[in-house]
Amino acid sequence: MTGWDALRRELDLWAQTGRTATLWWRDDDAVGPSAALDRAMALAEASAVPLALAVIPAENRLTAADLAGAVTPVQHGYAHRNHAGPGAKKRELGAERRADHVLAELMTGRDALERAFGGVFRPVLVPPWNRIGAHLPPLLPELGYAGLSRFGARDRPGIGAMGIVNAHADIVDWKGSRGFVGAEGALAQLVGHLRARREGAADPAEATGLLTHHRVHDAACWNFLERLFETTAQSGIAEWRSAATLFYA
């Protein structure tokens with residue numbers, strides 16, 4: 001059975017339970033207009049799949065006028081700069097930095113994105129490299145953040161009024177070719193989280209998140225996304241949610 005067969009079978013099993021298989025699409029590392037971003041937005045519009053665009057504030061050259069279709073910009077850290085020590089996993093928002101300095105940067109970045117995008121921006125924090133010190137998330141709701149999104153099945157739905165909805169399937173092979181991870185690998189991640197939700201091994205209410213990085217996509221990445229969106233649309237049971245509906249204050 002191929003990964004595509006496994007996905008169709010999993011969606012059929014969701015249909016048998018009478019439940020909707022919710023998903024969402026998060027694309028990281030946005031900084032400015034490009035042909036790749038145009039392609040992602042055109043695909044989102046053509047497929048009727050909302051796109052959550054994680055924008056790096058310190059490098060951002062985008063405005064609301066550059067966005068097309070159902071695109072919701074969210075905040076991707078501040079500068080996507082590594083502050084971890086030698087040999088440690090990369091992170092911008094780690095415990096090695098003073099919390100007040102990190103939070104000040106984040107607020108500066110959020111203000112910049114609010115000016116750039118106006119009302120379409122959602123105050124959702126996507127930590128660079130999906131890593132954030134454990135001391136920081138409890139401080140975010142009081143600063144007005146509506147959401148936090150990392151990678152992997154969430155252990156709780158939120159902190160106070162701030163929702164947590166993660167991504168669960170990354171289509172880029174970061175540890176290898178840095179191109180497409182392959183349909184079998186990407187689908188195994190997607191189906192794995194959908195199955196865990198259906199069977200109660202993961203929070204059933206957390207939408208399954210697709211993670212992409214338009215700036216590094218090769219042709220195979222784009223082909224996979226087109227086929228994935230076609231397959232989920234044909235299922236009649238999958239529903240792609242927007243960041244605006246997943247995260248709200």
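Of the residues 95, 104, 88, which is under 11 Å from residue 133 (Cβ atoms), open to solvent by less than 80 Å² (accessible area, probe 1.4 Å), over 22 Å from the mean Cα position of the chain (by Cα) and aliphatic (A, V, I, L, M)?
The unique qualifying residue is 95.
Being small (Gly, Ala, Ser) and modelled with pLDDT under 95 is the filter here, so list the residues in the range 161-211 that pass it.
161, 176, 177, 179
Filter the range 126-156 down to residues that are assigned to a loop (DSSP other than H, G, I, E, B), more than 19 Å from residue 24 (Cα to Cα) and out of contact with any strand residue (DSSP E or B) (no Cβ under 8 Å at 6 or more places or on another chain), then give me how many there are.
So the count comes out to 3.
Determine the pairs where a residue that is open to solvent by 30 Å² or more (accessible area, probe 1.4 Å), located within the range 148-166, has a partner that is part of a strand (DSSP E or B) with Cβ atoms under 6 Å apart, the partner being 6 or more residues away or on another chain.
151/167; 154/164
For residue 81, which of the numbered conditions (1) closer than 30 Å to residue 42 by Cα; (2) modelled with pLDDT of 95 or more; (3) outside any strand (DSSP E or B) fails to hold?
Failed condition: (2).
Which members of the range 167-196 meet the condition of being under 27 Å from residue 140 (Cα atoms) and either open to solvent by 20 Å² or more (accessible area, probe 1.4 Å) or more than 18 Å from the chain's Cα centre (by Cα) (or both)?
Listed by number, the list holds a single entry, 170.
Taking the range 107-124, which residues are open to solvent by less than 10 Å² (accessible area, probe 1.4 Å) and of a type in the set (Gly, Ala, Ser)?
Across the range 107-124, the qualifying residue is only 109.
Within the range 226-235, identify whether any single residue is of a type in the set (Asp, Glu), closer than 24 Å to residue 13 by Cα and in contact with a Ser or Thr (Cβ under 6 Å, 6 or more places away or on another chain), and answer yes or no.
So far as the range 226-235 goes, no, none of its residues is of a type in the set (Asp, Glu), closer than 24 Å to residue 13 by Cα and in contact with a Ser or Thr (Cβ under 6 Å, 6 or more places away or on another chain).
Condition first: open to solvent by less than 20 Å² (accessible area, probe 1.4 Å), touching a residue at least 40 places away in the same chain (Cβ under 8 Å) and of a type in the set (A, V, I, L, M). Can you find one or more residues in the range 212-225 that meet it?
Yes, there is a match, as at least one residue in the range 212-225 is open to solvent by less than 20 Å² (accessible area, probe 1.4 Å), touching a residue at least 40 places away in the same chain (Cβ under 8 Å) and of a type in the set (A, V, I, L, M).
Could you count how many residues in the range 33-72 are within 24 Å of residue 151 (Cα to Cα) and either open to solvent by less than 10 Å² (accessible area, probe 1.4 Å) or modelled with pLDDT under 95 (or both)?
Of the residues in the range 33-72, 12 are within 24 Å of residue 151 (Cα to Cα) and either open to solvent by less than 10 Å² (accessible area, probe 1.4 Å) or modelled with pLDDT under 95 (or both).
Let me confirm something: among 222, 240, which residue is touching a Pro at 6+ places or on another chain (Cβ under 8 Å) and within 14 Å of residue 27 (Cβ to Cβ)?
Of 222, 240, the one residue that is touching a Pro at 6+ places or on another chain (Cβ under 8 Å) and within 14 Å of residue 27 (Cβ to Cβ) is 240.
The values are calculated or read from the model by the stated rules, or taken from the named source; none is laboratory data. These figures come from a predicted structure and were not determined experimentally. Glycine also receives a Cβ, built like all others from the backbone with ideal geometry; neighbour counts cover every protein chain displayed. Remember, those area values only see protein heavy atoms, side chains included, never the ligands or the DNA or RNA. Shrake-Rupley method; radii C 1.70, N 1.55, O 1.52, S 1.80 Å.
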